[in-house]
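Input: a single structure, listed below in C-alpha coordinates.
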Amino acid sequence: MTSAHLRFKPPFDLNDVRIAARKLLGVKLLLPAVEIELRLAVAGYHDRLRSLASAGMAGGRKQHMALRRVETSPAARLIAFVLANGKGKRITPMTWAAIKAEAVGVNLRKPSGEVVLATERLKRSGGTRWTCSFGPRARAAQRMVEHIIYVVAGPSRYEHARRGRGRETAVRETLHSIDMKGVRWIGLLDVKDFFPSVTREMVKEVLSFLPQSIIDATIFIHDDTEIKLKGLYGDKDTTSSALAIRKGLSQGSLASILVAGKVLERHLDKIDARHAVSFVDNVLIGGKTQEEVQAKRTALATSLEGHPSGSLRLTGEIYKLGDHAMDYLGYRFRREWLNPERRIGRATHSERSRRAFYTRLAAKLLLANRRCREATIDKECARWVRSFPQWRTRYVNEATAAIAAEVDLVPMLDSAHAAICGAKMKWSSFADLADCVSGLAVRIGNAMPRLHTKGGAPSFERTLPDATPWERFEALLRQGAKNIVIPAG
(Lines give C-alpha, C1' and ligand atoms only; values in the text may rest on other atoms or scores of the structure.)
Protein backbone atom coordinates (compact mmCIF):
# COMPACT_ATOMS: atom_id res chain seq x y z
CA MET A 1 0.00 0.00 0.00
CA THR A 2 1.42 3.41 -0.98
CA SER A 3 1.96 6.31 1.41
CA ALA A 4 -0.72 8.32 -0.42
CA HIS A 5 -3.27 5.58 0.38
CA LEU A 6 -2.20 5.62 4.02
CA ARG A 7 -2.53 9.40 4.26
CA PHE A 8 -5.91 9.51 2.52
CA LYS A 9 -8.69 10.90 4.71
CA PRO A 10 -12.15 11.00 3.11
CA PRO A 11 -14.09 14.26 3.42
CA PHE A 12 -17.18 12.37 4.65
CA ASP A 13 -18.10 8.99 6.13
CA LEU A 14 -21.01 6.58 5.89
CA ASN A 15 -22.74 8.07 8.92
CA ASP A 16 -22.80 11.53 7.27
CA VAL A 17 -24.49 10.00 4.23
CA ARG A 18 -27.01 8.11 6.37
CA ILE A 19 -28.07 11.26 8.22
CA ALA A 20 -28.39 13.29 5.02
CA ALA A 21 -30.35 10.51 3.31
CA ARG A 22 -32.85 10.23 6.18
CA LYS A 23 -33.47 13.97 6.08
CA LEU A 24 -33.77 14.07 2.31
CA LEU A 25 -36.18 11.12 2.30
CA GLY A 26 -38.10 12.50 5.28
CA VAL A 27 -37.88 9.24 7.25
CA LYS A 28 -36.42 8.20 10.59
CA LEU A 29 -35.15 4.81 9.42
CA LEU A 30 -33.74 3.81 6.04
CA LEU A 31 -35.09 0.78 4.22
CA PRO A 32 -32.62 -2.14 4.00
CA ALA A 33 -32.41 -1.85 0.21
CA VAL A 34 -31.56 1.87 0.45
CA GLU A 35 -29.00 1.17 3.18
CA ILE A 36 -27.24 -1.40 1.00
CA GLU A 37 -27.15 0.94 -2.01
CA LEU A 38 -25.69 3.73 0.10
CA ARG A 39 -23.01 1.46 1.56
CA LEU A 40 -21.90 0.31 -1.90
CA ALA A 41 -21.99 3.85 -3.31
CA VAL A 42 -19.94 5.27 -0.43
CA ALA A 43 -17.34 2.51 -0.84
CA GLY A 44 -17.11 3.14 -4.59
CA TYR A 45 -16.86 6.92 -4.16
CA HIS A 46 -14.16 6.57 -1.50
CA ASP A 47 -12.20 4.26 -3.79
CA ARG A 48 -12.24 6.78 -6.64
CA LEU A 49 -11.31 9.66 -4.36
CA ARG A 50 -8.43 7.60 -2.97
CA SER A 51 -7.16 6.95 -6.48
CA LEU A 52 -7.45 10.67 -7.25
CA ALA A 53 -5.45 11.53 -4.13
CA SER A 54 -2.70 9.12 -5.22
CA ALA A 55 -2.68 10.48 -8.77
CA GLY A 56 -2.58 14.04 -7.46
CA MET A 57 1.06 13.54 -6.53
CA ALA A 58 1.98 12.62 -10.11
CA GLY A 59 -0.26 15.00 -12.07
CA GLY A 60 -0.52 14.88 -15.84
CA ARG A 61 -2.53 12.24 -17.65
CA LYS A 62 -2.85 9.95 -14.63
CA GLN A 63 -4.47 12.71 -12.61
CA HIS A 64 -6.74 13.63 -15.51
CA MET A 65 -7.97 10.06 -15.84
CA ALA A 66 -8.54 9.73 -12.10
CA LEU A 67 -10.55 12.96 -12.11
CA ARG A 68 -12.66 11.66 -14.99
CA ARG A 69 -13.37 8.45 -13.06
CA VAL A 70 -14.68 10.49 -10.14
CA GLU A 71 -16.92 12.87 -12.04
CA THR A 72 -18.47 10.17 -14.26
CA SER A 73 -19.06 7.68 -11.46
CA PRO A 74 -22.79 7.02 -10.72
CA ALA A 75 -21.86 6.31 -7.09
CA ALA A 76 -20.09 9.68 -6.79
CA ARG A 77 -23.05 11.51 -8.30
CA LEU A 78 -25.52 9.79 -5.99
CA ILE A 79 -23.55 10.44 -2.79
CA ALA A 80 -22.78 14.04 -3.77
CA PHE A 81 -26.49 14.64 -4.46
CA VAL A 82 -27.53 13.19 -1.07
CA LEU A 83 -24.90 15.15 0.88
CA ALA A 84 -25.64 18.40 -0.97
CA ASN A 85 -29.42 18.34 -0.60
CA GLY A 86 -29.87 16.43 2.67
CA LYS A 87 -28.30 19.13 4.82
CA GLY A 88 -29.50 22.62 5.61
CA LYS A 89 -32.45 24.41 7.16
CA ARG A 90 -34.86 23.97 4.27
CA ILE A 91 -34.92 20.45 2.86
CA THR A 92 -37.48 19.35 0.28
CA PRO A 93 -38.25 15.64 0.83
CA MET A 94 -37.84 13.38 -2.21
CA THR A 95 -38.45 9.74 -3.00
CA TRP A 96 -35.51 7.38 -3.48
CA ALA A 97 -36.38 6.91 -7.15
CA ALA A 98 -36.46 10.71 -7.67
CA ILE A 99 -33.10 11.10 -5.94
CA LYS A 100 -31.43 8.56 -8.23
CA ALA A 101 -33.07 10.08 -11.30
CA GLU A 102 -31.86 13.58 -10.40
CA ALA A 103 -28.36 12.35 -9.53
CA VAL A 104 -27.91 10.98 -13.06
CA GLY A 105 -28.07 14.54 -14.42
CA VAL A 106 -25.19 15.88 -12.29
CA ASN A 107 -22.42 17.19 -14.58
CA LEU A 108 -19.39 19.17 -13.45
CA ARG A 109 -18.43 20.51 -16.88
CA LYS A 110 -21.81 21.78 -18.08
CA PRO A 111 -24.43 24.05 -16.48
CA SER A 112 -27.29 22.19 -14.81
CA GLY A 113 -29.99 24.15 -16.62
CA GLU A 114 -31.52 25.24 -13.31
CA VAL A 115 -32.32 28.86 -12.50
CA VAL A 116 -30.12 30.63 -9.93
CA LEU A 117 -31.94 32.95 -7.51
CA ALA A 118 -29.74 35.89 -6.43
CA THR A 119 -30.95 37.81 -3.36
CA GLU A 120 -29.55 41.15 -2.28
CA ARG A 121 -28.85 41.40 1.47
CA LEU A 122 -27.56 44.11 3.76
CA LYS A 123 -24.07 43.73 5.23
CA ARG A 124 -23.39 44.60 8.85
CA SER A 125 -20.39 46.66 7.83
CA GLY A 126 -22.50 48.66 5.37
CA GLY A 127 -23.46 48.16 1.76
CA THR A 128 -25.06 45.07 0.25
CA ARG A 129 -24.08 41.64 -1.03
CA TRP A 130 -25.67 39.13 -3.39
CA THR A 131 -26.25 35.59 -2.13
CA CYS A 132 -27.21 32.85 -4.57
CA SER A 133 -29.53 29.86 -4.22
CA PHE A 134 -28.87 26.96 -6.57
CA GLY A 135 -30.90 23.99 -7.78
CA PRO A 136 -30.33 20.44 -6.46
CA ARG A 137 -28.18 19.25 -9.38
CA ALA A 138 -25.98 22.35 -9.25
CA ARG A 139 -25.54 21.89 -5.50
CA ALA A 140 -24.54 18.26 -6.03
CA ALA A 141 -21.91 19.29 -8.59
CA GLN A 142 -20.55 21.89 -6.15
CA ARG A 143 -20.33 19.30 -3.38
CA MET A 144 -18.41 16.91 -5.65
CA VAL A 145 -15.98 19.66 -6.64
CA GLU A 146 -15.49 20.44 -2.96
CA HIS A 147 -14.57 16.78 -2.34
CA ILE A 148 -12.15 16.80 -5.27
CA ILE A 149 -10.38 19.93 -4.05
CA TYR A 150 -10.24 18.53 -0.52
CA VAL A 151 -8.49 15.27 -1.47
CA VAL A 152 -6.10 16.81 -4.05
CA ALA A 153 -5.14 20.19 -2.57
CA GLY A 154 -6.30 19.72 1.03
CA PRO A 155 -8.15 22.27 3.15
CA SER A 156 -6.73 25.70 3.89
CA ARG A 157 -4.49 25.74 6.96
CA TYR A 158 -5.95 29.07 8.09
CA GLU A 159 -9.63 28.79 7.17
CA HIS A 160 -12.06 27.97 10.02
CA ALA A 161 -15.44 28.48 8.33
CA ARG A 162 -15.78 24.78 7.57
CA ARG A 163 -16.67 21.50 9.20
CA GLY A 164 -14.11 20.16 11.65
CA ARG A 165 -12.66 23.55 12.55
CA GLY A 166 -15.26 26.25 13.03
CA ARG A 167 -15.45 29.30 15.24
CA GLU A 168 -14.47 27.59 18.49
CA THR A 169 -11.27 26.17 17.00
CA ALA A 170 -10.27 29.64 15.81
CA VAL A 171 -10.94 31.06 19.29
CA ARG A 172 -8.96 28.26 20.98
CA GLU A 173 -5.99 28.76 18.65
CA THR A 174 -6.04 32.50 19.33
CA LEU A 175 -6.11 31.97 23.13
CA HIS A 176 -3.26 29.46 22.78
CA SER A 177 -1.19 32.01 20.86
CA ILE A 178 -1.85 34.62 23.54
CA ASP A 179 -0.74 32.27 26.33
CA MET A 180 2.05 30.27 24.66
CA LYS A 181 3.37 32.30 21.70
CA GLY A 182 3.52 35.71 23.36
CA VAL A 183 0.91 37.40 21.15
CA ARG A 184 0.18 40.84 22.60
CA TRP A 185 -0.88 42.81 19.51
CA ILE A 186 -3.60 41.65 17.12
CA GLY A 187 -4.56 42.91 13.68
CA LEU A 188 -8.25 42.37 12.91
CA LEU A 189 -8.44 42.67 9.14
CA ASP A 190 -11.08 42.31 6.45
CA VAL A 191 -10.70 41.64 2.73
CA LYS A 192 -13.17 44.06 1.19
CA ASP A 193 -15.64 42.56 -1.30
CA PHE A 194 -13.62 39.35 -1.27
CA PHE A 195 -16.00 36.96 -3.04
CA PRO A 196 -16.98 39.33 -5.89
CA SER A 197 -13.27 40.11 -6.42
CA VAL A 198 -12.15 36.48 -6.82
CA THR A 199 -11.79 35.86 -10.56
CA ARG A 200 -11.54 32.73 -12.66
CA GLU A 201 -7.86 33.43 -13.26
CA MET A 202 -7.16 33.47 -9.50
CA VAL A 203 -8.92 30.13 -9.02
CA LYS A 204 -7.12 28.55 -11.99
CA GLU A 205 -3.79 29.71 -10.61
CA VAL A 206 -4.45 28.13 -7.20
CA LEU A 207 -6.35 25.02 -8.37
CA SER A 208 -4.46 24.30 -11.58
CA PHE A 209 -5.51 20.62 -11.58
CA LEU A 210 -9.15 21.58 -12.27
CA PRO A 211 -10.13 21.90 -15.97
CA GLN A 212 -11.36 25.31 -17.03
CA SER A 213 -14.75 23.83 -17.93
CA ILE A 214 -15.34 22.76 -14.30
CA ILE A 215 -14.29 26.18 -13.02
CA ASP A 216 -16.64 27.95 -15.43
CA ALA A 217 -19.67 25.67 -15.01
CA THR A 218 -19.54 24.67 -11.31
CA ILE A 219 -17.34 26.99 -9.24
CA PHE A 220 -18.60 30.11 -11.05
CA ILE A 221 -22.00 30.77 -12.63
CA HIS A 222 -21.92 29.86 -16.32
CA ASP A 223 -22.85 32.45 -18.94
CA ASP A 224 -25.70 30.21 -20.14
CA THR A 225 -27.26 29.92 -16.67
CA GLU A 226 -30.34 32.06 -16.05
CA ILE A 227 -30.21 34.34 -12.99
CA LYS A 228 -33.28 35.80 -11.30
CA LEU A 229 -32.52 38.87 -9.20
CA LYS A 230 -34.35 39.81 -6.01
CA GLY A 231 -33.12 43.26 -4.99
CA LEU A 232 -33.80 45.08 -1.75
CA TYR A 233 -35.51 48.04 -3.42
CA GLY A 234 -36.28 46.72 -6.87
CA ASP A 235 -34.43 49.54 -8.65
CA LYS A 236 -31.18 47.74 -9.52
CA ASP A 237 -29.80 47.55 -13.04
CA THR A 238 -30.44 43.86 -13.67
CA THR A 239 -27.93 43.57 -16.50
CA SER A 240 -24.97 45.03 -14.60
CA SER A 241 -25.89 43.15 -11.41
CA ALA A 242 -26.07 39.82 -13.24
CA LEU A 243 -22.70 40.48 -14.90
CA ALA A 244 -21.13 41.30 -11.52
CA ILE A 245 -22.54 38.08 -10.01
CA ARG A 246 -21.15 35.98 -12.87
CA LYS A 247 -17.76 37.65 -12.70
CA GLY A 248 -16.98 36.85 -9.05
CA LEU A 249 -17.20 33.84 -6.76
CA SER A 250 -20.84 33.34 -5.82
CA GLN A 251 -21.75 33.39 -2.14
CA GLY A 252 -24.10 30.52 -1.42
CA SER A 253 -22.20 27.94 -3.45
CA LEU A 254 -21.21 24.85 -1.46
CA ALA A 255 -17.66 25.04 -2.81
CA SER A 256 -17.12 28.79 -2.43
CA ILE A 257 -15.79 28.71 1.17
CA LEU A 258 -13.10 26.13 0.37
CA VAL A 259 -12.13 27.84 -2.90
CA ALA A 260 -11.91 31.27 -1.25
CA GLY A 261 -9.85 29.79 1.59
CA LYS A 262 -7.35 28.30 -0.86
CA VAL A 263 -7.03 31.64 -2.67
CA LEU A 264 -6.40 33.48 0.61
CA GLU A 265 -4.05 30.75 1.89
CA ARG A 266 -1.44 31.53 -0.76
CA HIS A 267 -1.23 35.15 0.41
CA LEU A 268 -1.11 34.26 4.12
CA ASP A 269 1.74 31.81 3.44
CA LYS A 270 3.88 34.69 2.18
CA ILE A 271 3.78 36.73 5.40
CA ASP A 272 4.81 33.88 7.78
CA ALA A 273 2.83 35.33 10.70
CA ARG A 274 3.33 34.24 14.31
CA HIS A 275 -0.42 33.65 14.49
CA ALA A 276 -2.96 33.81 11.66
CA VAL A 277 -6.52 32.53 11.33
CA SER A 278 -9.22 33.37 8.82
CA PHE A 279 -12.98 33.03 8.86
CA VAL A 280 -14.19 33.56 5.29
CA ASP A 281 -12.87 37.09 4.54
CA ASN A 282 -12.07 38.06 8.16
CA VAL A 283 -8.36 37.61 8.98
CA LEU A 284 -6.73 37.81 12.41
CA ILE A 285 -2.94 38.28 12.65
CA GLY A 286 -1.06 38.24 15.96
CA GLY A 287 2.42 39.31 17.04
CA LYS A 288 4.52 40.34 20.02
CA THR A 289 4.86 44.00 19.03
CA GLN A 290 2.86 46.56 17.14
CA GLU A 291 5.67 46.89 14.60
CA GLU A 292 5.58 43.14 13.89
CA VAL A 293 1.83 43.11 13.28
CA GLN A 294 2.01 46.28 11.18
CA ALA A 295 4.75 44.76 9.01
CA LYS A 296 2.71 41.58 8.45
CA ARG A 297 -0.37 43.63 7.61
CA THR A 298 1.57 45.71 5.08
CA ALA A 299 3.03 42.57 3.49
CA LEU A 300 -0.41 40.96 3.24
CA ALA A 301 -1.96 44.11 1.76
CA THR A 302 0.86 44.35 -0.80
CA SER A 303 0.40 40.71 -1.78
CA LEU A 304 -3.38 41.07 -2.17
CA GLU A 305 -3.26 44.36 -4.06
CA GLY A 306 -0.47 43.23 -6.37
CA HIS A 307 -2.14 40.02 -7.57
CA PRO A 308 -1.72 39.85 -11.35
CA SER A 309 -5.24 38.46 -11.87
CA GLY A 310 -6.97 41.24 -9.91
CA SER A 311 -6.55 43.48 -6.89
CA LEU A 312 -7.92 42.64 -3.42
CA ARG A 313 -8.20 45.42 -0.83
CA LEU A 314 -7.39 44.91 2.87
CA THR A 315 -8.83 47.04 5.69
CA GLY A 316 -8.83 46.76 9.46
CA GLU A 317 -7.25 47.92 12.71
CA ILE A 318 -4.52 46.82 15.13
CA TYR A 319 -5.30 46.34 18.84
CA LYS A 320 -3.23 45.81 21.96
CA LEU A 321 -4.73 43.20 24.24
CA GLY A 322 -5.53 44.75 27.60
CA ASP A 323 -5.69 48.33 26.36
CA HIS A 324 -8.47 47.89 23.79
CA ALA A 325 -11.54 45.68 23.51
CA MET A 326 -11.09 43.32 20.58
CA ASP A 327 -14.19 41.54 19.28
CA TYR A 328 -13.87 38.60 16.89
CA LEU A 329 -16.41 35.90 15.93
CA GLY A 330 -18.82 36.94 18.67
CA TYR A 331 -16.17 36.84 21.41
CA ARG A 332 -14.35 39.65 23.20
CA PHE A 333 -10.65 38.91 23.81
CA ARG A 334 -8.61 40.32 26.67
CA ARG A 335 -5.84 39.39 29.14
CA GLU A 336 -6.55 38.82 32.84
CA TRP A 337 -4.43 38.12 35.91
CA LEU A 338 -4.63 34.41 36.76
CA ASN A 339 -2.44 35.12 39.80
CA PRO A 340 -0.15 38.00 40.85
CA GLU A 341 2.60 36.64 38.59
CA ARG A 342 0.81 35.54 35.42
CA ARG A 343 -1.74 36.92 32.99
CA ILE A 344 -3.70 34.68 30.62
CA GLY A 345 -5.95 35.20 27.61
CA ARG A 346 -9.71 35.17 28.17
CA ALA A 347 -12.60 35.18 25.72
CA THR A 348 -16.08 36.26 26.79
CA HIS A 349 -19.15 37.13 24.75
CA SER A 350 -18.98 40.46 22.95
CA GLU A 351 -21.35 43.30 23.71
CA ARG A 352 -22.79 42.99 20.24
CA SER A 353 -23.60 39.32 20.87
CA ARG A 354 -25.34 40.15 24.14
CA ARG A 355 -27.43 42.87 22.52
CA ALA A 356 -28.43 40.53 19.68
CA PHE A 357 -29.41 37.85 22.20
CA TYR A 358 -31.46 40.32 24.28
CA THR A 359 -33.18 41.46 21.09
CA ARG A 360 -34.33 37.93 20.26
CA LEU A 361 -35.24 37.16 23.87
CA ALA A 362 -37.26 40.36 24.32
CA ALA A 363 -39.20 39.66 21.14
CA LYS A 364 -40.14 36.17 22.39
CA LEU A 365 -41.05 37.37 25.89
CA LEU A 366 -43.28 40.18 24.59
CA LEU A 367 -45.27 37.62 22.60
CA ALA A 368 -45.23 34.79 25.15
CA ASN A 369 -47.65 34.07 27.97
CA ARG A 370 -46.41 35.80 31.13
CA ARG A 371 -46.75 32.55 33.08
CA CYS A 372 -44.19 30.96 30.72
CA ARG A 373 -41.70 33.83 31.07
CA GLU A 374 -39.33 32.13 33.49
CA ALA A 375 -39.18 28.90 31.51
CA THR A 376 -38.58 30.85 28.28
CA ILE A 377 -35.72 32.82 29.85
CA ASP A 378 -34.08 29.66 31.22
CA LYS A 379 -34.37 27.83 27.90
CA GLU A 380 -33.05 30.67 25.74
CA CYS A 381 -30.23 31.55 28.13
CA ALA A 382 -29.09 27.93 28.29
CA ARG A 383 -29.01 27.80 24.49
CA TRP A 384 -27.11 31.09 24.28
CA VAL A 385 -24.45 30.14 26.84
CA ARG A 386 -23.88 26.78 25.16
CA SER A 387 -23.04 28.66 21.96
CA PHE A 388 -20.00 30.20 23.77
CA PRO A 389 -18.10 27.18 25.16
CA GLN A 390 -14.87 29.17 25.54
CA TRP A 391 -16.69 31.60 27.86
CA ARG A 392 -18.65 29.11 29.96
CA THR A 393 -17.09 28.51 33.42
CA ARG A 394 -18.29 27.46 36.87
CA TYR A 395 -19.03 31.13 37.58
CA VAL A 396 -20.54 32.02 34.22
CA ASN A 397 -23.11 29.45 33.16
CA GLU A 398 -26.75 29.00 32.16
CA ALA A 399 -28.07 29.91 35.62
CA THR A 400 -26.11 33.15 36.00
CA ALA A 401 -27.01 34.22 32.45
CA ALA A 402 -30.72 33.66 33.20
CA ILE A 403 -30.47 35.76 36.35
CA ALA A 404 -28.75 38.58 34.45
CA ALA A 405 -31.39 38.46 31.70
CA GLU A 406 -34.21 38.69 34.24
CA VAL A 407 -32.59 41.66 35.96
CA ASP A 408 -31.97 43.46 32.65
CA LEU A 409 -35.18 42.71 30.77
CA VAL A 410 -38.09 41.92 33.09
CA PRO A 411 -38.60 45.48 34.46
CA MET A 412 -38.72 46.90 30.91
CA LEU A 413 -41.05 44.14 29.74
CA ASP A 414 -43.41 44.73 32.67
CA SER A 415 -43.57 48.43 31.80
CA ALA A 416 -44.22 47.58 28.18
CA HIS A 417 -47.07 45.17 28.99
CA ALA A 418 -48.64 47.64 31.40
CA ALA A 419 -48.47 50.51 28.91
CA ILE A 420 -49.85 48.39 26.07
CA CYS A 421 -52.74 47.02 28.12
CA GLY A 422 -53.56 50.45 29.55
CA ALA A 423 -53.64 52.10 26.14
CA LYS A 424 -55.25 49.23 24.24
CA MET A 425 -58.77 50.68 24.20
CA LYS A 426 -57.66 54.27 23.55
CA TRP A 427 -56.30 53.82 20.02
CA SER A 428 -58.64 55.30 17.45
CA SER A 429 -56.33 54.85 14.45
CA PHE A 430 -53.10 53.20 13.43
CA ALA A 431 -51.37 56.58 13.56
CA ASP A 432 -52.30 56.90 17.24
CA LEU A 433 -50.94 53.40 17.82
CA ALA A 434 -47.66 54.34 16.12
CA ASP A 435 -47.33 57.45 18.29
CA CYS A 436 -48.05 55.45 21.43
CA VAL A 437 -45.49 52.76 20.60
CA SER A 438 -42.86 55.34 19.64
CA GLY A 439 -43.36 57.20 22.90
CA LEU A 440 -43.30 53.97 24.84
CA ALA A 441 -40.04 52.96 23.18
CA VAL A 442 -38.41 56.15 24.38
CA ARG A 443 -39.70 55.79 27.95
CA ILE A 444 -38.55 52.20 28.46
CA GLY A 445 -35.23 52.46 26.68
CA ASN A 446 -36.14 51.41 23.13
CA ALA A 447 -37.19 47.93 24.25
CA MET A 448 -40.09 48.02 21.78
CA PRO A 449 -39.66 47.57 18.03
CA ARG A 450 -39.11 50.54 15.80
CA LEU A 451 -41.80 50.94 13.16
CA HIS A 452 -40.98 49.92 9.60
CA THR A 453 -41.86 52.91 7.43
CA LYS A 454 -41.88 53.36 3.71
CA GLY A 455 -42.42 56.81 2.31
CA GLY A 456 -43.14 58.23 5.76
CA ALA A 457 -46.16 56.00 6.48
CA PRO A 458 -46.26 52.71 8.36
CA SER A 459 -46.10 49.89 5.81
CA PHE A 460 -48.57 47.76 7.81
CA GLU A 461 -51.39 50.25 7.09
CA ARG A 462 -51.87 48.67 3.67
CA THR A 463 -51.17 45.05 4.63
CA LEU A 464 -53.95 44.90 7.27
CA PRO A 465 -56.63 47.41 6.19
CA ASP A 466 -59.55 45.72 8.00
CA ALA A 467 -57.77 44.72 11.21
CA THR A 468 -58.24 46.40 14.58
CA PRO A 469 -55.41 48.58 15.94
CA TRP A 470 -54.44 45.85 18.40
CA GLU A 471 -54.24 43.21 15.64
CA ARG A 472 -52.12 45.58 13.57
CA PHE A 473 -49.81 46.09 16.49
CA GLU A 474 -49.43 42.34 17.02
CA ALA A 475 -48.56 41.88 13.33
CA LEU A 476 -46.10 44.76 13.58
CA LEU A 477 -44.49 43.22 16.63
CA ARG A 478 -44.16 39.78 15.06
CA GLN A 479 -42.67 41.04 11.79
CA GLY A 480 -40.49 43.76 13.29
CA ALA A 481 -39.24 41.91 16.35
CA LYS A 482 -35.74 41.63 14.91
CA ASN A 483 -35.40 45.42 15.14
CA ILE A 484 -35.88 45.65 18.89
CA VAL A 485 -32.99 47.61 20.38
CA ILE A 486 -31.84 46.88 23.95
CA PRO A 487 -29.66 49.58 25.55
CA ALA A 488 -26.22 48.64 26.80
CA GLY A 489 -25.63 48.33 30.54
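Between a first residue in region 162-184 that is open to solvent by less than 60 Å² (accessible area, probe 1.4 Å) and a second residue that is assigned to a helix (DSSP H, G or I), which pairs have beta carbons less than 6 Å apart while being 6 or more apart in sequence or on different chains?
Within 6 Å, the pairs are VAL183/SER177.
Within region 223-245, count every residue that is within 30 Å of ALA66 (Cβ to Cβ) and crowded, with 18+ Cβ neighbours inside 10 Å.
Total meeting the criteria: 1.
Residues of region 263-298 being part of a helix (DSSP H, G or I), of a type outside the set (Asp, Glu) and open to solvent by less than 20 Å² (accessible area, probe 1.4 Å), which ones?
Across region 263-298, the qualifying residues are VAL263, LEU264, HIS267, LEU268, ILE271, VAL293.
Just for helices (runs of 4 or more DSSP H) wholly inside region 166-231: which have at least 1 residues that are closer than 27 Å to ALA347 by Cβ?
Fully inside region 166-231 and qualifying: 166-180, 194-197.
Provide a single number: the residues in region 311-327 that are farther than 20 Å from PHE195 by Cα and either polar (S, T, N, Q) or assigned to a strand (DSSP E or B) (or both).
Count: 8.
Under 6 Å by Cβ, and 6 or more places apart or on different chains, what pairs join a residue from region 128-141 that is closer than 19 Å to GLU102 by Cβ with one that is open to solvent by 50 Å² or more (accessible area, probe 1.4 Å) and in a strand (DSSP E or B)?
Cβ pairs passing all conditions: SER133/LEU117.
Could you check, for region 249-260, whether at least one of its residues is over 18 Å from ALA161 (Cβ atoms) and either open to solvent by less than 60 Å² (accessible area, probe 1.4 Å) or assigned to a helix (DSSP H, G or I) (or both)?
For region 249-260, residues over 18 Å from ALA161 (Cβ atoms) and either open to solvent by less than 60 Å² (accessible area, probe 1.4 Å) or assigned to a helix (DSSP H, G or I) (or both): absent.
Given the options GLY330, GLY310, GLY316, name the one that is modelled with pLDDT under 80 and either within 28 Å of the chain's Cα centre (by Cα) or aromatic (Phe, Trp, Tyr) (or both).
GLY310
Considering only residues that are at pLDDT 90 or above and in a loop (DSSP other than H, G, I, E, B), look in region 114-127 and name the one that is nearest to ALA76 (Cα to Cα).
GLU114
The values are calculated or read from the model by the stated rules, or taken from the named source; none is laboratory data. Keep in mind the model is a prediction, meaning the values are calculated, not measured. Every residue, glycine among them, receives a Cβ derived from its backbone with ideal geometry; neighbour counts consider all protein chains shown. Heavy atoms of the whole protein, side chains included, go into the accessibility calculation; ligands, DNA and RNA do not. Shrake-Rupley method; radii C 1.70, N 1.55, O 1.52, S 1.80 Å.
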